[in-house]
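Laboratory data are not the source of any read-out in this text; all were calculated from the coordinates shown. This one's a predicted model, so the numbers in the text were calculated from it and none came from an experiment. Cβ: placed from backbone, ideal geometry, glycine included. Neighbour counts: every protein chain shown.
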Amino acid sequence: MRTMRSLSYPVPRRYSQPPEFYARLLGGQIRALRLMDGRPLEELAPQAGLTVAEWEEVETGQVPPCWEIVVLLAQLFGVGRAWRKHMLPLYLGSQQLG
């Protein structure tokens, strides 16, 4: 029998910075991953369902429309759950949720 597991990501309840701060951090992390990956943006963006302009907006602090886009980006770069665990608080901070 299969059991359900919950994700145990540490999610802060209060954010000390404005949403733009977290969005810029998230975008910077995505940019760093892309630069380390080495593939051109024109190749990566369509694989994430984004245009080049949309990807560039994310890298400069425009929040992706949903968490699933962030997860898809992680998959493109081959990073695992540890990366997502680090990125979730940044994404939620950019949304001021929690």
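What length, rounded to one decimal in nm, is gained on full extension from Gln75 through to Glu57, with 0.36 nm per residue of separation minus their alpha-carbon distance?
Full-extension gain reported as 4.5 nm.
What ³J(HN,Hα) values, in whole Hz, does the Karplus curve 6.51 cos²θ - 1.76 cosθ + 1.60 give for the stretch 53-59 when θ = phi - 60°, with x put for Gly and Pro?
In residue order, the calculated couplings are 5, 5, 4, 4, 5, 4, 5 Hz.
Using a 10 Å cut-off around each Cβ, can you sort Ser94, Ser16 from fewest to most neighbouring Cβ atoms?
Working: Ser94 24, Ser16 7.
Least crowded to most crowded, the residues run Ser16, Ser94.
Starting from the Kirkwood Rh over alpha-carbon pairs, what translational D in µm² s⁻¹ does the stretch 19-95 have by Stokes-Einstein at 25 °C and 0.890 mPa s?
203
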